[in-house]
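The structure appears below as structure tokens.
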Amino acid sequence: MAAHPKVPYGIMDFRRIREEGYYYVDKTSYIRRMEERDSFVFFVRPRRMGKSLFVDTLRRYYDVDEKANFAKLFGDLDIGRHPTENANRYLVLTLDFSQVGVMEADTLEGKFSRYLASRMRGFVEKYRAFLPGLPDRLPEHGSDIFQAVVSCAGRLAPIYLIIDEYD
């Protein structure tokens, strides 16, 4: 009797699902549909319906840093057989605002600024080669780092912003 694929309950990591042989329903044709629409897409679905997994799929698809993994992750999927011109073209910044509430700080503004600063520092570390002209010493506040990165990257490489858990 053939083994059944594992069900990825609670797993929101597209790479892990693909590499470890979990059951995966190919919804990558929606990427093409999204690109045919407006530049702003808003997903509203109930909890546990795959939003975060799809967000991670988008991150892997659009991230310039994932280009070497494209065939392995997407090759046999719809979008891998028919990629768009935007595949692996962007510096991807993913923000998960559900993480803001769990950080140590006195105010919501402080929590948000610390979270954004942390994410932006990680973004800069990952994409430093695409951000020439960005100062070595980054500002303290998250919004200041964001502004510096956007102004620098905007001239050289487009940024794809993904926000998950926005409530």
- Message: When the residues of the stretch 81-109 are narrowed to those that are of a type in the set (Val, Ile, Thr) and open to solvent by less than 30 Å² (accessible area, probe 1.4 Å), which ends up modelled with the lowest pLDDT?
- Response: 100
- Task: Within the stretch 110-131, count every residue that is open to solvent by 20 Å² or more (accessible area, probe 1.4 Å), within 17 Å of the chain's Cα centre (by Cα) and among the small types (Gly, Ala, Ser).
- Result: 2
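Considering only the stretch 1-23, state which residues are of a type outside the set (A, V, I, L, M) and either under 22 Å from residue 162 (Cα atoms) or not in a loop (DSSP other than H, G, I, E, B) (or both).
Just the residues of the stretch 1-23 that are of a type outside the set (A, V, I, L, M), to begin with: 4-6, 8-10, 13-16, 18-23.
Listed by number, the residues that qualify are 6, 10, 13, 14, 15, 16, 18, 19, 22.
Filter the stretch 63-80 for residues that are acidic (Asp, Glu) and in a helix (DSSP H, G or I); which is least open to solvent (accessible area, probe 1.4 Å)?
Among those residues, the one meeting the criterion is 66.
Tell me, which residue of the stretch 81-130 that is part of a loop (DSSP other than H, G, I, E, B) and touching a residue at least 12 places away in the same chain (Cβ under 8 Å) is farthest from residue 27 (Cα to Cα)? Before you say what the answer is, go through the steps one by one.
Going residue by residue through the stretch 81-130, those that are part of a loop (DSSP other than H, G, I, E, B) are 82-89, 103-107.
Filter once more, keeping what is touching a residue at least 12 places away in the same chain (Cβ under 8 Å): 82-84, 86-89, 103.
On the way: 82: 13, 83: 13, 84: 15, 86: 17, 87: 16, 88: 18, 89: 20, 103: 33 Å.
It comes out as 103.
The values are calculated or read from the model by the stated rules, or taken from the named source; none is laboratory data. Remember, it's a predicted structure, so these values are computed and weren't measured experimentally. Cβ sites come from the backbone with ideal geometry, for glycine too, and all protein chains shown count toward neighbours. We work out accessible area using only protein heavy atoms, side chains counted, and drop any ligands, DNA or RNA first. Shrake-Rupley method; radii C 1.70, N 1.55, O 1.52, S 1.80 Å.
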